[in-house]
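First comes the structure, then the notes that go with it.
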Amino acid sequence: MNKQQLLYDLFSAYYECRKNKRNTINALDFELNYESNLIKLADEISNWTYEVWKSIAFIVNKPVKREVFAWDFRDRIVHHYVINKLNPYFEKYFIYDSYSCRVGKWTLFWIKRIEKFIRSCSENYTKDCYILKLDIRWFFMSIDKDILYKKMEKFLQYNNLSLFQIDEINELQQGDELEKLNHNFLLKLIQKIIYNNSIKNCIIKWNKKDWHGLPKSKSLFFTKDNTWLPIWNLTSQVFANFYLDFLDKFIKQKLKIKYYGRYVDDFILVHSDKQYLKYCKSQIDIYLKEELSLTVHPNKIYLQHYTKWVLFLWSFIKPYRIYLKNNIKWNIYEKVNILNNKIRLNDWKINNILRTDFRQSINSYLWLVKHYKTYKLKKYILLNQVSAYFWNYFYISWWYSKVKKK
């Protein structure tokens, strides 16, 4: 492996990694001597001495209660490096309609695609069509590491020439060691990431009350040694997408489902024949069990005519319209209350920090909801929920679409 190229790639990965992590203790500690730290990291990787550092385990409660294993900032740089190498080839390999962690396929894109599937299958709501929505039970806790690694190994073997940009056949003919070295280099990093035991190699931000109410099925502390990936790591999200791409291709190519989309482990099939969708469900059950050691969640099976609403992510999709899920509305109300309380605690004064927080927070929510039937909601929040003190510094643009500085 060219060490100079490795160092350049690690610097690129570092700049990506720090975008949203600059205020964390690990990131600040790394940045004090980031150049020497990156050089040291490059040495460890190129000398095959790289080891994963301890992660931090804690609980988050929103949007739902989850257990999180946050890897050290240094290791997250390695995650970005690995994904930067893999993503160009994953993009060519994945089906178009898997939406998780892919550039340009944001929330509205997913929802609009599902709406388009329903509209096309029903010929603009003039013919019958049915929606089958499925969810995989305990997905991240059930991913078999051995299956994942073997499939990744085969993928790299099949794509290794383009993956490592070995363009000159003559270079390869000088000795197969060049191909083998580049192949093993990335694969060994992937192996370190997949098989790292986050449970034994972690620091717990322990408060027993935090874990109360979290089912054992959603905690790594109660899973089998070889059947999980830690949620929220970049590599976990992308590797999970790779893991289920085999299901995607089975549904598209074997079952011949034209209208199909998946976000993480939540997927939808749209077809004109209800009985055929039932058959597809039975075949998906068999494939998941035999090939991926996964099961469909028995309590999250939805099969309905398109005239019934379908919940996808945080949207209710109905003919001709899309509505916002209620918990998103409550999140907006809660954020507005937090901003209003900050004014009270600050003796009804609004400093520059609070102004920035208000403008960024409110505008981000307004951007999210503008694609839905939410005119009345936006009007109600801005005129009835937001403290009038803010309007000394801001004004509302046309159709309640944005707040701007005066």
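Just one of (1) more than 23 Å from N201 (Cα to Cα); (2) buried (at least 19 other Cβ atoms within 10 Å of the Cβ); (3) small (G, A, S) fails for A70. It is (1). Picking from residues in the range 384-401 that are within 32 Å of the chain's Cα centre (by Cα) and modelled with pLDDT of 90 or more, the one that is surrounded by the fewest Cβ atoms within 10 Å (Cβ to Cβ) is Q385.
Is it the case that some residue within the range 209-225 is open to solvent by 20 Å² or more (accessible area, probe 1.4 Å) and under 18 Å from the mean Cα position of the chain (by Cα)? Yes - at least one qualifying residue is present in the range 209-225.
The set of residues from the range 338-369 being in contact with a helix residue (DSSP H, G or I) (Cβ under 9 Å, 6 or more places away or on another chain), charged (D, E, K, R) and not in a helix (DSSP H, G or I) comprises just one member, K349. With respect to (1) at positive phi; (2) touching a residue at least 40 places away in the same chain (Cβ under 8 Å), the lone exception for D347 is condition (2). Every condition in (1) under 18 Å from F312 (Cα atoms); (2) surrounded by fewer than 18 Cβ atoms within 10 Å (Cβ to Cβ) is met by V103 except one, and the failing one is (1). For the range 337-369, give me the residue count where each residue is closer than 20 Å to K404 by Cβ and open to solvent by 100 Å² or more (accessible area, probe 1.4 Å). Counting residues in the range 337-369 that are closer than 20 Å to K404 by Cβ and open to solvent by 100 Å² or more (accessible area, probe 1.4 Å) gives 4. Of the residues that make up the range 370-378, is at least one among the aliphatic types (A, V, I, L, M) and not in a helix (DSSP H, G or I)? Checking the range 370-378: not a single residue is among the aliphatic types (A, V, I, L, M) and not in a helix (DSSP H, G or I).
Determine whether the range 29-51 contains at least one residue that is within 22 Å of the chain's Cα centre (by Cα) and crowded, with 17+ Cβ neighbours inside 10 Å. The answer is no, given that none of the residues of the range 29-51 is within 22 Å of the chain's Cα centre (by Cα) and crowded, with 17+ Cβ neighbours inside 10 Å.
Per-residue answers, yes or no, for (1) in contact (Cβ under 8 Å) with a residue 60 or more places away in the chain; (2) over 22 Å from I111 (Cα atoms); (3) touching a Gly at 6+ places or on another chain (Cβ under 9 Å); (4) among the hydrophobic types (A, V, I, L, M, F, W, C):
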site	(1), (2), (3), (4)
Q360	no, yes, no, no
N363	no, no, no, no
K379	no, yes, no, no
L383	no, yes, no, yes
Y400	no, yes, no, no
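Within the range 46-82, can you find the residues that are assigned to a loop (DSSP other than H, G, I, E, B), farther than 21 Å from S219 by Cα and acidic (D, E)? Passing the criteria: only E51.
The values are calculated or read from the model by the stated rules, or taken from the named source; none is laboratory data. Please read all numbers here as calculations on a predicted model, not as lab measurements. No Cβ is skipped: glycine too gets one built from the backbone with ideal geometry, and neighbour counts run over all protein chains shown. All accessible areas refer to the heavy atoms of the entire protein, side chains included, with ligands and DNA or RNA removed. Shrake-Rupley method; radii C 1.70, N 1.55, O 1.52, S 1.80 Å.
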